[in-house]
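Undergrad: Have a look at the structure that comes next, please.
Just so it is clear, none of the values below were taken in a lab; they were calculated from the coordinates. Quantities reported herein were computed from a predicted structural model and do not represent experimental measurements. Backbone-built Cβ (ideal geometry, glycine too); neighbour counts: all protein chains shown.
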Amino acid sequence: MTAIAPGTVPKASPRGSAARARMLRGLLPALSLALVLLAIAWLNPRAISYFGFNLMLNLAIPIALATIAQMFVIAGNELDLSIGTFVGFVGCVTATWLRDAPLIGILVLIGSIGVYALLGALIHLRNLPSIVVTLGMSFVWQGLAILILPKPGGKAPEWLLSIMSFKPPYVPFPILAALLIAAVVHFGLMRTSYGVILRGSGGNAAALRRAGWSLLKTKIVLFALTGLFGVLSGMALIGITTSADANIGNGYTLLSIAGVILGGGEFVGGRVSPIGAVIGALTLALAASPLLTFMHIPPDWQVAANGAILIIVLAARVLISRRER
Amino acid sequence: MLQAIADIVRLNGAEKHFGAVRALNGVDFHVGAGECVGLVGHNGAGKSTLMHMVAGTLRPDGGQIAVRGNQEASYSVARALELGIRCVFQELSLCPNLSVAENTRINHPSLAGFNWRRRAAELIRAKLDEIFPGHGISADDIAGDLSIGRRQMVEVARAFTLTREPLHLVILDEPTSSLDAHTAGQLLSFVRRFVAAGGSCILISHVLGEVLQNADRIVVMRDGKVVAADAASAFDRDRLVAAMGGAEGHQKAAAEARKTEAGALRVRARPIRQQDDKELVARTGEIIGLAGLAGHGQTDLLLSIFSAASRARTGIEVTAPVALVAGDRQSDGIFSQWSIAQNIGIRSLARLRSGLLISPQREAELAEFWKKKIGIRTPDMNNNIYSLSGGNQQKALFARALGSDAEIVLMDDPMRGVDIGTKLEVYDLVREEAAKGRTFLWYTTETEELDNCDHVYVFKNGRIVANLGRDELTEEKIIQSSFGDAA
């Protein structure tokens, strides 16, 4: 995707070959998505339709949002192991307070974004490993979710239900939403002048400090953005499932990390791609259950098969990256 | 007073300590408007520390700093940039994941808002064209894809770009180290033009010819002090080298004559980048020094000798077991969770075994022996390694190497940041062990340590450029070879 090498025309030089390899790697997320789509089309041609996409990509929107959330912390060389339970927590708030007492619900959600910002500050100021802090927080979010909603239940607010069941003409809603998310985040992170600073903080923090930028601020902004997209993900999820469960988002932690990496991002160095991340999330959403169902793999084996697909795609990516050197 | 106003920056009695190490010891330094000041000195002389202070990245522990005649009480990077003082640091400070234009944006807060991308690209392109005509760099190139020379070009050009902040003084710390002769020439002639137009520049370089030809005034530093400062025309190569090395009052520490008969061959190694037929040869009972500026291939050679001991490598012949004393003990030497005794025993596990397990008794015996022998100051060898002072930690690492079966000991500048008392004890120990037939390969950045060596190989750019015998070993000679202008 052009997200990674904007406007770079390959030249006949070592740099040209580096740019070509970069482009190849940038295309990999799109290629893997195409491959999964082809497999589905071959197994079940009827799935490739307006209705089919609506059904298959149903859960792709919250996964894409959670992946974008994860991408922001990864852009700053950190990792968020609490995003899954955070999405679950937001889901429980959405299905209860946001419907019954909208003001409290909104305040709680804004407050939780504030907690994310504070975590960023804490991690920067005390030089703590983000993995440890967010792992701890994952239990906090899980506990809060269970307190709010001890049993599965609740109901999504009507306005949210109507947004998520929106049926635009010709293009299925999940695809439209994915395009919108990718475009907005791509513009914000890859094209604006402050987005450069955010990515630079992952690339070479010392250089940024020497140029007079506050690393505390970049870390707070990155974590707050993670919180914001985590909130959006939880709300979208409840808009689709209509009711909540404290464990509803638990799988999202690993899915979001895998989506970022699948989309061409790297754990360190500030190399991330919003467009790639969204594509990675779509690929995972499709590979997760529609593809496997069409392959007649029994549900008992689907989680393992899902993991195998992840390993294969990530291995292909590593092979290409290695050729780059 | 007039003098003070013409100053861009002036430091009085600047001091900086890193733990027990005095990096700067009361330095007076100033740069005038429209002046190019050359700053030279050996590694660890304090040049970089001083420049970090001028650029605002380090705060002095003592002394004052004044910019354009005004005392600066709370000086910082942001304040320095505001006052028009910028620095091109020796370690590259581009973000490898960003494009050239985006890297330019990082240094210019005013490059924001609509169309910032095009403005940044034009700014850096124009400056690159001005300094390095025919540079072949596009503003869209990702910095990590560029060669190291091109990255350095971008970094230099970026420091000279102008937006809202003024530009009065640019510090260039080894700006030509990754440039070829042609681009280095382009840069230096640009610096001359910049200075002629009223700008100021501090030029740090290990290529003395560059400094002599391009600086108006030269400041020589040694051991955290300014030892000479004069108009560039008053210096020549020999005077610079003499000032840097301190030829006066230099005596050999270990003068006793040593046996000269050649022992059995222990190590024969050629650096990978060596083009002529020079090679490093070490025999039984010899102490071989590896000298030259830091990072010119000495550590690489030691590491390849180390790996050649277990797996054959072309160009390197090793005939006995090898142990390495790491230079960076925090990251490469110490097992931080382990006791002193365990840290010493790790290289000798085969001998400490009884059956399948490590015998705590034998481990304690080994540790106790070396505690007495090398004088590790601790009440209990089972304490954590971090209960020791830095010098004693280093002694434990020496005990690890010397207590092993290794006949060849590689030392990768192990005495960094160690107090003089410990150093003298270790020197004696090394000589004693060499007399018993062990071979030492000793890379050091401290020239006095080379007096303990029988032979010194001087490195430059990953190659051996000189092989000095004990009798021809002087600090001047070493500096002369390591600063040789021929690349």
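Undergrad: Please identify which residues in region A:156-177 have an amide N closer than 14 Å to a label point set 7 Å out from the Cα of residue A:115, following the Cα→Cβ vector.
TA: From region A:156-177, the list is empty.
Undergrad: Summarise the partner chain shielding of B:128-139 as one whole number: the mean count of Cβ atoms from other chains within 10 Å of each residue's Cβ.
TA: Numbers: counts 0, 0, 0, 0, 0, 0, 0, 0, 3, 1, 5, 0.
Taking all residues of B:128-139 together, the mean is 1.
Undergrad: Kindly work out what percent of the DSSP beta bridges joining two residues of chain B are antiparallel, to the nearest 5. Write out the running numbers ahead of the final one.
TA: Values: 40 of 76 bridges.
For chain B, the DSSP antiparallel bridge percentage is about 55.
Undergrad: Going by a ≥ b ≥ c, the root eigenvalues of the Cα gyration tensor, does chain B fall in the rounded group (a/c under 1.5), the prolate group (a/b larger than b/c) or the oblate group?
TA: Details: a/c = 1.86, a/b = 1.82, b/c = 1.02.
It comes out prolate by the Cα gyration axes.
Undergrad: Still on this model: Looking at the protein assembly as shown only, what percent of DSSP beta bridges run antiparallel? Nearest 5 please. Intermediate results must be reported in sequence, preceding the final value.
TA: Values: 41 of 77 bridges.
The antiparallel fraction comes to roughly 55 percent.
Undergrad: Once you charge only the Cβ atoms, +1 for Lys and Arg and -1 for Asp and Glu, what is the size of the charge dipole of chain B about its Cα centre, to the nearest 20 debye? Mind dumping the intermediate values first?
TA: Working: 56 positive and 60 negative charges, 189 e Å.
Result for chain B is approximately 900 debye, rounded to the nearest 20.
Undergrad: Name the shape class, rounded, prolate or oblate, that the alpha-carbon gyration tensor gives for region A:215-325, where a ≥ b ≥ c are the square roots of its eigenvalues, rounded holds for a/c under 1.5, and otherwise prolate holds if a/b is larger than b/c and oblate otherwise. Intermediate results must be reported in sequence, preceding the final value.
TA: Working: a/c = 2.56, a/b = 1.08, b/c = 2.37.
Oblate is the answer for region A:215-325, as a/c is 1.5 or above yet b/c matches or exceeds a/b.
Undergrad: Also: Of all the stretches in chain B, which is the longest one without any exposed loop site, taking trypsin sites (Lys or Arg not before Pro) in a DSSP loop (any state but H, G, I, E, B) with at most 10 other Cβ atoms within 10 Å? Don't skip to the answer; put the middle values down first.
TA: Values: sites that count: B:164, B:259, B:311, B:436.
That would be B:1-163.
Undergrad: Can you compute the helix-only [θ] at 222 nm over chain B? Use -39500 (n - 2.57) per DSSP H run of at least 4 residues, normalise by all residues, nearest 500 deg cm²/dmol.
TA: For chain B, the value works out to -9500 deg cm²/dmol.
Undergrad: Using alpha carbons only, what's the Rg to Rh ratio of the protein assembly as shown with Rh from Kirkwood? Each step should come with its number before you reach the end.
TA: Values: Rg = 31.4 Å, Rh = 30.6 Å.
My calculation puts Rg/Rh at 1.03.
Undergrad: Net charge around residue B:159, counting only other residues with Cβ within less than 12 Å of its Cβ (Lys, Arg = +1; Asp, Glu = -1)? Walk me through the numbers before you get to the answer.
TA: On the way: positive: A:210, B:86, B:127, B:158; negative: B:155, B:165, B:173.
Residues close to residue B:159 contribute a combined charge of +1.
Undergrad: What's the center-to-center distance, using Cα atoms, between region B:277-313 and region B:349-382 in Å?
TA: Comparing the Cα centres of region B:277-313 and region B:349-382, I get a distance of 30 Å.
Undergrad: Take the cross-link list B:16/B:460; B:47/B:460; B:225/B:278; B:372/B:436; B:373/B:436 and give me the ones stretching past 26 Å between alpha-carbons.
TA: Working: B:16/B:460 30 Å; B:47/B:460 20 Å; B:225/B:278 36 Å; B:372/B:436 19 Å; B:373/B:436 15 Å.
Exceeds cut-off: B:16/B:460; B:225/B:278.
Undergrad: Another one. Calculated FRET efficiency, residue B:328 and residue A:319, Cβ-Cβ r, R0 35 Å, to nearest 0.05? Write down the numbers at each step before the final one.
TA: Numbers: r = 33 Å, r/R0 = 0.95.
Calculated transfer efficiency: 0.55.
Undergrad: Please give every one of the lysines within straight-line cross-link reach of residue B:127, meaning a C-alpha to C-alpha distance under 26 Å, and leave out same-chain neighbours fewer than 8 residues apart.
TA: Cross-link targets: A:11.
Undergrad: What's the longest bit of chain B with no exposed chymotrypsin sites (Phe, Trp or Tyr not before Pro), using DSSP loop states and at most 12 other Cβ atoms within 10 Å as the test?
TA: Values: sites that count: B:114, B:335.
Here the longest run is B:115-334.
Undergrad: Return the whole-Å distance between the Cα centroid of region A:152-225 and the Cα centroid of region B:118-187.
TA: Region A:152-225 and region B:118-187 have Cα centres spaced 33 Å from each other.
Undergrad: Per the helix-only calculation at 222 nm, which mean residue ellipticity applies to chain A, given -39500 (n - 2.57) for every DSSP H run of n ≥ 4 and division by its residues, nearest 500 deg cm²/dmol? Display every interim value, and only then the final one.
TA: Values: 16 runs with 234 residues, N = 325.
Rounded to the nearest 500, it is -23500 deg cm²/dmol.
Undergrad: Quick one: Debye curve from the alpha-carbon atoms of region B:265-482 only, equal weights, vacuum; give me log10 I(q)/I(0) at q = 0.10, 0.14, 0.16 Å⁻¹ to two decimals.
TA: -0.44, -0.84, -1.07
Undergrad: Also, quick follow-up: Name the shape class, rounded, prolate or oblate, that the alpha-carbon gyration tensor gives for region A:46-288, where a ≥ b ≥ c are the square roots of its eigenvalues, rounded holds for a/c under 1.5, and otherwise prolate holds if a/b is larger than b/c and oblate otherwise. Please report the intermediate quantities before stating the final value.
TA: Values: a/c = 1.95, a/b = 1.28, b/c = 1.52.
Because a/c hits 1.5 or more and a/b fails to exceed b/c, region A:46-288 counts as oblate.
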